[in-house]
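Chemist: Pasting in a structure now, in structure tokens, and then I'll have a few things to ask.
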Amino acid sequence: MSQDTTQNNDTDANIEITPEMQAFYQRADAIIGMANSQLSPDAHSGQVGASLLYAAARYSASVASIGFVKGDDFAKEKDDIVEFYVKQYRQMLSDNLTDYAQNFDQYVQLNQDDKSAE
């Protein structure tokens, strides 16, 4: 359902893709690939997307808890943690929606090619 991010996030020709950025995009692509593998007659993209969001929330909660000794201290930071993750997600979603809109015909063709290969 999604394009290969390693080739499409470089909208500015002057941006150098560092090894760290490349690894970031490769991890994202691997997760997208796993999500795509969950698509079936019993699980459409909306359902898989909802599971992916839930998994991201669970994983983020676990990551955010690192370094805390007490649950009470962790709970006190909940609002700040939520604000951080929502801000990050909002920016990433906005960037990807812009990219998808700018490359819509190419991405739609990629999705059609993926369906034809099945």
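The values are calculated or read from the model by the stated rules, or taken from the named source; none is laboratory data. As the structure is a prediction and not an experimental result, all values here were calculated from the model. Here the Cβ is made from the backbone with ideal geometry for all residues, glycine too, and neighbour counts use every protein chain on show.
Chemist: State which residue pairs qualify: first residue part of a helix (DSSP H, G or I) and inside segment 103-118, second residue of a type outside the set (Ser, Thr, Tyr) and at pLDDT 90 or above in any location, beta carbons under 8 Å apart, and separation of 6 or more residues or different chains.
Modeler: Note: pairs meeting the criteria are ASP114/ASN36.
Chemist: OK, next. Condition first: modelled with pLDDT under 95 and within 18 Å of SER51 (Cβ to Cβ). Now tell me which residues in segment 1-34 satisfy that.
Modeler: MET1, SER2
Chemist: Mind checking whether some residue in segment 76-94 is surrounded by 11 or more Cβ atoms within 10 Å (Cβ to Cβ), farther than 19 Å from ALA28 by Cβ and of a type in the set (Lys, Arg)?
Modeler: yes
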